[in-house]
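K.L.:
First the structure, then my questions, so here it is.
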Protein chains: 4
Amino acid sequence: MKILVTGFDPFGGEKINPAIEAVKRLPDEIDGNQIVKLEVPTIFYQSAKVVKEKIIAEKPDMVINVGQAGGRAAITPERIAINFQAGSTPDNSGKGPKEGKIESDGADGYFTQLPIKKMVTAMRKAGIPAEVSNSAGTYVCNHLFYEVQYMRVHDFPKLKAGFIHIPFLPSQAKNGRLPSMNLDDMVKGLTASIKVAVAD
Amino acid sequence: MKILVTGFDPFGGEKINPAIEAVKRLPDEIDGNQIVKLEVPTIFYQSAKVVKEKIIAEKPDMVINVGQAGGRAAITPERIAINFQAGSTPDNSGKGPKEGKIESDGADGYFTQLPIKKMVTAMRKAGIPAEVSNSAGTYVCNHLFYEVQYMRVHDFPKLKAGFIHIPFLPSQAKNGRLPSMNLDDMVKGLTASIKVAVAD
Amino acid sequence: MKILVTGFDPFGGEKINPAIEAVKRLPDEIDGNQIVKLEVPTIFYQSAKVVKEKIIAEKPDMVINVGQAGGRAAITPERIAINFQAGSTPDNSGKGPKEGKIESDGADGYFTQLPIKKMVTAMRKAGIPAEVSNSAGTYVCNHLFYEVQYMRVHDFPKLKAGFIHIPFLPSQAKNGRLPSMNLDDMVKGLTASIKVAVAD
Amino acid sequence: MKILVTGFDPFGGEKINPAIEAVKRLPDEIDGNQIVKLEVPTIFYQSAKVVKEKIIAEKPDMVINVGQAGGRAAITPERIAINFQAGSTPDNSGKGPKEGKIESDGADGYFTQLPIKKMVTAMRKAGIPAEVSNSAGTYVCNHLFYEVQYMRVHDFPKLKAGFIHIPFLPSQAKNGRLPSMNLDDMVKGLTASIKVAVAD
């Protein structure tokens, strides 16, 4: 199997984004499956375009997008992508999203094809805090998650795809008002997740 | 300088206590200062007795007690020990504390002698979430912190003493409803704290 | 316009459910629109059956289901109902939900037809904390929300429907570890919400 | 008995301060005891000066200072005032506190003379979320609490004094990210607290 794993670049004044840092540190092979890594821009539509080109070039069996969810204390695989975008913070192009539907003819929501409950169990067994999330928000994370599902329906019907949110790094949570997770633990959690996902 | 660093044993149904795990992993020497480590029982008065015997035997210049504060996301040096104990959970002797003063002739509160603000700054510089705490609670952590201050006033006037709370380990925070911290990061934070405290 | 507003009965060891308490206290008419009130059992499928019968009997233009979300600090209109149920707590029939899809041929998600953003703005203007929520969870609240949307698609195409979560009452949040909201404020918030929804 | 109850004026960009709003709405007599109300400026030392003048003028048996603790979900009587002030936010004089001791010859901490546990029990019985707090922080609330205790030791040895923190009002917590409490519930809670305190 070939798995494309993506991570966003730094965003919103942060100097690093744990998403791409964790993705970069994944092994190139997990249980005999090839891991292809890709950094994506934290920009609406542009991020989806970059992922689509990579899917066409690499023909992966599975796509896992990884993003940061500041404030969460666990690694959280997402259940559903929703056809809605909003947010007042500008993305890395300097513009915020136009509030409303992502795709005018898309379904209201698309479930992931990843075995999220098994992934959570595997991460906890590896000692990493994990929980299924029922909302990826309405910003660029949910946007990319939704767009990949929309591509899947229209262009890549055999693809399995999903989104995993990770917490802040300790260095981002200086005063500890928000929880964080060590980078090694993120890599351990993502690896345990991928092992279960490819075996499913 | 000689520094006595103590950690509590596992408690309240938990199989491990990050406090003693982190203390055990500290180096035996930090910047030329000797680190003496001691596991203490999570028992009211008994914990203080064990620490007092060790102070008499080892004659340390500084005592740092380390305890777990489940639910915090940062390493938190405590500012003040208070002359009050309460709590419905039994300690490791099977009994809860008798609610009321810890020492009938003790002051209401005792400030730590450790440079807690500098310790927090040093930990953050090392990439570890840290914050000063203004309350060590009313359970066995505050109890031991208070008792060491009380000893100091009565028996060891040259001693510098303080208490540091650490978060849950990732393996204790399975569903991520509460924050946690990697053991290596705890050791890194405590080490940075001790370096600053001995230099003060 | 005729609006059917439902509230769940007490559940999970609680003696009262703010949902039905708040619904009962709504006026019988808001801006000339008739408010029909219904208590529904906190039971999977059974709650949907009771609501369906009432829709057939009363032919409302709009259905608003109200439920309790212990732990939230604001009134939260929900954006999307998802085709998934799970949870280990038994409902009021004594059984938990069978984990999986709610309707085997239903869409993954259905957006509400209510103007949730305007409702939030109106509630805040009335001094009531409010926020759009992107997840109604996977328990009986989301279940009923989903079932009404499913009915809408199949049986009542002109119906507008949605779900509003409300916090604990102060009397349920004794130690204040979780936030709460006064019953009068809930009624004020729901009323402001309904005014905007019927005017939309 | 005569009880002086004080509340701070609005502060930090907020238009109202629930502390003085709640105090103003207290009855003038509770169980035959006279309630004297006083608005105090949110200014270090100045607030204490105003309270001292009022104590001299009114000769109360008890002083209860009320302040806002944004982020708390319950009414929280404070256990201990500490001899330390810090904070980067300017007070209503436009200056922040000089970090360090409040009184160079004061004790590290002073316990309240109020029956805080009974007050909490009484408030919960009245349906109002309540909890004892072990830290009033290091800003102007703790400052005033400490100063009144310091006065008590030096000038008014028969005085009983204490501090009660109250949450945000619903109108201050617009998006519900922080908890809040209805003004009527604050008044109900403070009244129940005072009844128990005077009877003690």
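The numbers here are math on the coordinates, done by the rules we state, and not lab data. In this text the structure is predicted, and so the values were computed from the model without any measurement. We place every Cβ from the backbone using ideal geometry, glycine too, and count neighbours over all the protein chains shown.
K.L.:
Could you tell me whether region A:84-182 comes out rounded, prolate or oblate from its Cα gyration tensor? Rule is a ≥ b ≥ c as square roots of the eigenvalues, rounded for a/c under 1.5, then prolate if a/b exceeds b/c, otherwise oblate.
P.N.:
Numbers: a/c = 2.71, a/b = 1.21, b/c = 2.24.
Cα axes put region A:84-182 in the oblate bin.
K.L.:
Region B:71-138: which GluC sites (Glu not before Pro) are DSSP loop and have at most 16 other beta-carbon atoms within 10 angstrom?
P.N.:
On the way: sites: B:Glu78, B:Glu99, B:Glu103, B:Glu131; in loops: B:Glu99, B:Glu103, B:Glu131.
Counting only loop positions with at most 16 other Cβ atoms within 10 Å, the GluC sites (Glu not before Pro) in region B:71-138 are B:Glu99, B:Glu103.
K.L.:
Nearest-5 percent of antiparallel DSSP beta bridges in chain B? Working shown, then result.
P.N.:
Details: 8 of 30 bridges.
Roughly 25 percent of the beta bridges in chain B run antiparallel, per DSSP.
K.L.:
Give me the distance in nm between label points sitting 7 Å out from Cα along the Cα-to-Cβ direction at D:Lys195 and D:Lys15, one decimal.
P.N.:
3.4
K.L.:
What aspartates and glutamates sit close enough to A:Lys174 to cross-link, taking a C-alpha to C-alpha distance under 19 Å and skipping anything fewer than 8 places away on the same chain?
P.N.:
The reachable aspartates and glutamates, counting only those whose Cα sits under 19 Å from A:Lys174, are A:Glu14, A:Glu21, A:Asp184, A:Asp185, B:Glu78, B:Glu131, B:Asp184, B:Asp185.
K.L.:
Over chain A, what is the relative contact order in percent, taking alpha-carbon pairs closer than 8 angstrom and at least six residues apart? Could the numbers behind the result be given before it?
P.N.:
Details: 421 pairs, mean separation 57.7, N = 200.
That works out to 29 percent.
K.L.:
Using amide H atoms built 1.01 Å from N in the peptide plane, name the residues 5+ places from C:Leu114, or on other chains, whose amide H lies under 5 Å from its own.
P.N.:
Amide H neighbours of C:Leu114: C:Ala161.
K.L.:
Something else about it: Provide an ascending nm list, one decimal, of label-point separations from A:Thr89 to the equivalent residue in each further copy; define each label point as 7 Å from Cα along Cα→Cβ.
P.N.:
2.3, 3.1, 3.4
K.L.:
Now a separate question. Show me, for region B:161-176, the HN-Hα J-couplings you get by feeding each phi into the Karplus relation (A = 6.51, B = -1.76, C = 1.60, θ = phi - 60°), rounded to Hz, glycine and proline as x.
P.N.:
9, x, 10, 10, 8, 10, x, 5, 6, x, 5, 8, 10, 3, 8, x
K.L.:
Sketch the reach of a paramagnetic label on D:Lys101 as a point 7 Å from Cα along Cα-to-Cβ, and name the residues of region B:61-95 whose backbone nitrogen lies under 19 Å away.
P.N.:
Inside the label zone: B:79-82.
K.L.:
By the gyration tensor of its Cα atoms, with a ≥ b ≥ c the square roots of the eigenvalues, what is the shape of region D:84-130: rounded for a/c under 1.5, prolate for a/b over b/c, or oblate?
P.N.:
Working: a/c = 4.62, a/b = 1.80, b/c = 2.56.
Oblate shape, in that a/c is at least 1.5 and b/c is the bigger or equal ratio.
K.L.:
So, one more: Averaged over every viewing direction, what's the projected area of the C-alpha convex hull for region C:1-92? Give it in nm², one decimal, please.
P.N.:
Values: hull surface 27.6 nm².
Convex hull of Cα atoms, orientation-averaged projection: 6.9 nm².
K.L.:
Turning to a different aspect of this structure: Provide a whole-number value for the mean count of partner chain Cβ atoms within 10 Å of the Cβ atoms in peptide B:125-133. Don't skip to the answer; put the middle values down first.
P.N.:
Working: counts 1, 2, 8, 6, 13, 5, 4, 4, 2.
For peptide B:125-133, the averaged partner shielding equals 5.
K.L.:
Please name which of A:Thr42, A:Ile30, A:Thr6 has its Cα lying farthest along the dipole of region A:6-68 towards the positive end, using unit charges on Cβ (Lys, Arg +1; Asp, Glu -1) and the Cα centre as origin.
P.N.:
Most positive-ward Cα: A:Thr42.
K.L.:
In whole angstrom, note down how far apart the Cα centers of region D:73-151 and region A:121-184 are.
P.N.:
One Cα centre to the other: 41 Å.
K.L.:
Sticking with this one: If we hang a label 7 Å off Cα along the beta carbon direction at A:Asn175, how far is it from the matching labels on the other copies, in nm, shortest first?
P.N.:
Label-point distances to the other copies, shortest first: 1.8, 2.6, 3.0 nm.
K.L.:
Could you derive backbone 3J(HN,Hα) for region B:23-35 from the dihedral phi with the Karplus parameters 6.51, -1.76 and 1.60 (θ = phi - 60°), listing whole Hz in sequence and x where the residue is Gly or Pro?
P.N.:
These are the phi-based 3J(HN,Hα) values: 4, 4, 8, 5, x, 7, 9, 10, 6, x, 9, 7, 9 Hz.
K.L.:
Another question, then. Hey, what do the phi angles of region A:8-20 turn into as Karplus ³J(HN,Hα) couplings, whole Hz, using 6.51/-1.76/1.60 and θ = phi - 60°, x for Gly and Pro?
P.N.:
Couplings: 6, 7, x, 7, x, x, 6, 7, 10, 10, x, 4, 6 Hz.
K.L.:
Next up: With the label 7 angstrom out along Cα to Cβ, how close does D:Thr121 come to the same site in each of the other copies, in nm, nearest first?
P.N.:
4.7, 4.7, 5.1
K.L.:
When the scattering of region A:2-199 is computed by the Debye formula from its Cα atoms alone, each counted once and equally, what is log10 I(q)/I(0) at q = 0.17 Å⁻¹?
P.N.:
With one equal scatterer per Cα and no solvent, log10 I(q)/I(0) is -1.12.
K.L.:
Quick one: putting +1 on the C-beta of Lys and Arg, -1 on the C-beta of Asp and Glu, what dipole do you get for chain B around its Cα centre, in Debye to the nearest 20? Mind showing how you got there, number by number?
P.N.:
Values: 25 positive and 22 negative charges, 69 e Å.
So the dipole magnitude of chain B works out to roughly 320 debye.
K.L.:
About the Cα centre, and with charges only on the beta carbon of Lys, Arg (+1) and Asp, Glu (-1), how big is the dipole of the protein assembly as shown? Nearest 20 debye, please. Mind dumping the intermediate values first?
P.N.:
Working: 100 positive and 88 negative charges, 0 e Å.
The dipole of the protein assembly as shown has a size of about 0 debye.
K.L.:
So, one more: Helix hunt in chain C: which complete DSSP H runs extend at least 20 Å axially by C-alpha with mean Kyte-Doolittle at least -1.0?
P.N.:
On the way: long enough: C:140-154 (21 Å, -0.03); C:183-199 (24 Å, 0.90).
Taking the DSSP H segments of chain C (at least 20 Å long, mean hydropathy at least -1.0), we get C:140-154, C:183-199.
K.L.:
Moving to a separate point now. Give me Rg over Rh for the protein assembly as shown, both radii from the alpha carbons and Rh done the Kirkwood way, two decimal places. The partial results should precede the final answer.
P.N.:
Details: Rg = 28.5 Å, Rh = 28.8 Å.
For the protein assembly as shown, the value is 0.99.
K.L.:
Select from region B:1-103 those trypsin sites (Lys or Arg not before Pro) which occupy a DSSP coil region and have at most 13 other Cβ atoms within 10 Å, ordered by residue number.
P.N.:
Details: sites: B:Lys2, B:Lys15, B:Lys24, B:Arg25, B:Lys37, B:Lys49, B:Lys52, B:Lys54, B:Arg72, B:Arg79, B:Lys95, B:Lys98, B:Lys101; in loops: B:Lys15, B:Arg25, B:Arg72, B:Arg79, B:Lys95, B:Lys98, B:Lys101.
Of the trypsin sites (Lys or Arg not before Pro), the ones in loops of region B:1-103 whose Cβ has at most 13 other Cβ atoms within 10 Å are B:Lys15, B:Lys95, B:Lys98.
K.L.:
A follow-up question, please. With respect to the symmetry axis carrying chain A onto chain D, which residue of chain A exhibits the smallest Cβ distance to that axis, and what is the value in whole Å?
P.N.:
Nearest Cβ to the rotation axis, residue and whole-Å distance: A:Arg177, 6.
K.L.:
Turning to a different aspect of this structure: Tally the DSSP beta bridges in the protein assembly as shown and give the antiparallel ones as a percent, rounded to 5.
P.N.:
Numbers: 32 of 120 bridges.
Taking every DSSP beta bridge with both residues in the protein assembly as shown, the antiparallel ones total about 25 percent.
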